[in-house]
1. Using protein chains only and a probe of 1.4 angstrom, how many square angstrom of residue 634 are accessible, to the nearest 10?
2. Say the cut-off is 22 Å between C-alpha atoms; which of 433/453; 254/433; 292/350; 253/292; 452/554 go over it?
3. Out of all DSSP beta bridges with both ends in segment 348-447, state the antiparallel percent to the nearest 5.
4. May I ask you to derive the relative contact order of segment 325-432, considering only C-alpha pairs under 8 Å and at least 6 residues apart, and to give it as an integer percent?
5. Which of the listed residues, 457, 426, 397, is farthest toward the dipole's positive end in segment 379-465, when Lys, Arg count +1 and Asp, Glu count -1 at the beta-carbon?
6. Expressed as a rounded percentage, what relative contact order does segment 775-870 have, with Cα pairs under 8 Å and six or more residues apart?
7. In whole Å, what is the distance between the alpha-carbon centres of segment 791-821 and segment 149-209?
8. I'd like the Karplus ³J(HN,Hα) series for segment 688-700: coefficients 6.51, -1.76, 1.60, θ = phi - 60°, whole numbers in Hz, and an x wherever there's a Gly or Pro.
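The values are calculated or read from the model by the stated rules, or taken from the named source; none is laboratory data. Predicted model, so just to flag it, every value in this text is computed and none were measured. Cβ: placed from backbone, ideal geometry, glycine included. Neighbour counts: every protein chain shown. Heavy atoms of the whole protein, side chains included, go into the accessibility calculation; ligands, DNA and RNA do not. Shrake-Rupley method; radii C 1.70, N 1.55, O 1.52, S 1.80 Å.
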Amino acid sequence: MKKPPGPKMRRKAAAAPVPPEAQRPRTRNAFPIVGIGASAGGLEALELFLKHVPEGSGMAFVIVQHLDPTHKGIMVELLQRTTRMPVVQVRDRQKVAPDRVYVIPPNKDMSILHGVLHLLEPAAPRGLRLPIDFFFRSLADDCRSRSIGVILSGMGSDGTLGLRAIKEKAGVVFVQAPASAKFDGMPRSAVDAGLADVVAPAEQLPGRIIDYLKHAPLAAKPDPSREDKAQSALEKVFILLRTQTGHDFSPYKKSTIYRRVERRMGLHQIDKIATYVRFLRENPQEIELLSKELLIGVTGFFRDSPAWEQLKDEVIPALLAAHPKGGVLRAWTPGCSTGEEAYSLAMVFKEALERVKPAGNFSLQVFATDLDRDAIDRARAGVYPANIAADISPERLRRFFSQDEQGYRVGKEIRETVVFAPQNVIMDPPFTKLDLLVCRNLLIYLDQGMQKKLIPLFHYSLNPGGVLFLGSAETIGTFTHLFAPLAKKARLYRRLDSVLGEAPVEFPSSFVPYRPDAGGAQPQARLPGPNLQSLADQLLLQRFSPAAVLTNDKGDILYISGRTGKYLEPAAGKANWNIFAMAREGLRYELGTGFQKALRQKASAGLKGVKVGTNGGVQTLDITIHPIDEPAALQGMVMIVFTEVATPPNTQAAGKPSRASARRESLAAFERELQQAREEIRATREQMQTSQEELKSANEELQSTNEELQSTNEELTTSKEEMQSLNEELQTVNQELQAKVDELSHVNNDMKNLLNSTDIATLFLDDALAVRRFTTQTASIIKLIAGDVGRPITDITTELDYPEMAADAREVLRTLAFIEKQAATRDGRWFLVRIMPYRTLENRIDGVVITFSDITAAKRLEAQLRQTQTGTGKSRKKGTS
């Protein structure tokens, strides 16, 4: 094994044998790049990590931190003491080499392109910079499966979105265990997002990375001799996944599945997929982890922003204009993952509605579905980390989100627009009567067969004129008769009213492969379409009378009018209804040239004097090729009209045959025609008998099918009634809950005003003496702010000279008897402190209530009375004496 390259200062040390744990398969000019994210307080974790990196590991380490932009750091010098690898501060356009450590300089963002580091001026304000996310996304795009992301100690959530990008590109993610981190904000955010492949203390992460690299095929090509075994083992993986999770991953692209499986094998140091299958059977929890790995969602707010802008500026206004009376626009986002694109659609609709200001009253209903129930739960919560500010403009953040301690929460007006539900688009029924269908970055994970089933299904789900929104790497394939592109780069398509009545729509229940030997025909629903013959005949009557052919823009014949046998004939071999394959000798070249010219110029093209061979003779034709713009149902099709040109009769005289000879020839011709007619009648009778038997059998099958359909219809009617009843009940419950929420809000307001109006300071503590709630007046006695909720009362400074308050509160919790004492403050005020148990409606003690009544005036009056009584007593004593 070749020694990994290193700097001159380390060549002597590198000459020693490479430790066994550092040995791994290497590819030419390829080495893993480890991106490490940590905050300024993560120095200890970085030192532990680099200290345990073995010499000659062959990896490059790029450290990205949150640094003070005005402070010249000494991070390079500090880290150099813990590792023998050279540690350098990154310079612009510095090429990454293995066995080196690179540290980001202050006040810079950093990206990587073709293994070269580039420094950029920060575009975001100081408080909004997310340098770790920025670099991790760049690392994922540049290194793809060779990218490795590491998150160490740090505060906030920077790095989470970047780790998602690494996972999308089949990279691997290592996270420091939150319990071992000095600041657990960044590690916990990555773990909670389900992105961590390995969670371990910082000192163990280098060894885990090397163990993974020893088994990870960074650029290995599959061995053809083992493909069959690998395919068999992969099918067993599908079976285990389906058995435990109920989801069938066999329609997914095998290459994608295999890469994800290889990643899991690398994490467990397993070399053979057959061994991994056995590992799956012995460890059911690994099946769940593999399932989560396969469901990594490629999503984000306003991903591919130009496409979203076009959706807002052009598509949604067109949909609104198509419904001038207003109403509800329906949208569906299959494969919504954690909901970012569903919420993006709702926000874009709100903005478009305000911009257009239509006369009608419009609303949007978005149905967002996904296979991953955990992702659906996160989407329903509508809470996202603070680093989404990199993808969403400040204006949208202010308008559509509210910020809290967890990050950003989707506003109520957007959240109520979206309905989330778990759904398997491959197995469950689709949503229908849609105006907009957003399916982005789902089809790229499915094989070609499943894609060809889903595109017609999406066409069926959309209303006429509806819009399909695909991802940047997805297309409609060969279904150009179902959708027309609105913008090629944006992947926006308008639904067409297809007249290809023979094109079937397969519903998810029929996605299971059909076996011809299973008996019975595969039931298929056909796309409804206008009467093709009526439309074509109407067009011919208006413009033409000769024989004609209606084709699509590829030349596939859709309808034939008149006798075209002189010009077209079936091609030998498999049946092919393309007009260029059926054109007779002499017609094919001229027809193809004129066809392309007509499509290119979008105008009629004429061919004059075309010679066509017909049954040993030659026929002269004039051909008209006319692209159709209207009616709308025929838009995009082409009408080809054949007009025969009169041929002058042959004037060469032949010798006149005798009358007897002519009679004999006539009789012979009649006999031949009679014999041919008899043979045709006999063949027709045999065909009729066969057809009658087949019709009888088909009739019996239809009767049986009809009975089953009637039974199914009755069951569906019953189910519909039950669903309607359930829907009414849910609406009633929803109204009741809404009323309760409003009532609770009013009660809460009343209680707040009541407590404030009494002018009595009140403090609520839980059973651990932590602050639960307090009135405004309490802040003048005990130094409380809103952020002190949840803190122990003993940790908070007070003006009250009452050190036994916590002990008395515990005594009240123990005895359930109230305590009342008078206490003074440092500024001379007096309060009557009353501590009572907090009793819930269920008669359960859940803390204490402390009230502070101001008795300063009473105390002063008492002091004055005492002075008066003392003076009176002295006067009496003097008088007596």
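1. For residue 634, solvent-accessible area is about 0 Å².
2. Numbers: 433/453 19 Å; 254/433 33 Å; 292/350 33 Å; 253/292 16 Å; 452/554 18 Å.
Violating the 22 Å Cα-Cα cut-off are 254/433; 292/350.
3. Working: 6 of 11 bridges.
Just about 55 percent of them are antiparallel.
4. Numbers: 154 pairs, mean separation 37.2, N = 108.
Computed value for segment 325-432: 34 percent relative contact order.
5. Result: 457, furthest along the dipole toward the positive end.
6. Details: 119 pairs, mean separation 18.0, N = 96.
19 percent.
7. Answer, in whole Å: 43.
8. Per-residue couplings from phi come out as 5, 4, 4, 5, 4, 4, 5, 5, 4, 4, 5, 5, 5 Hz.
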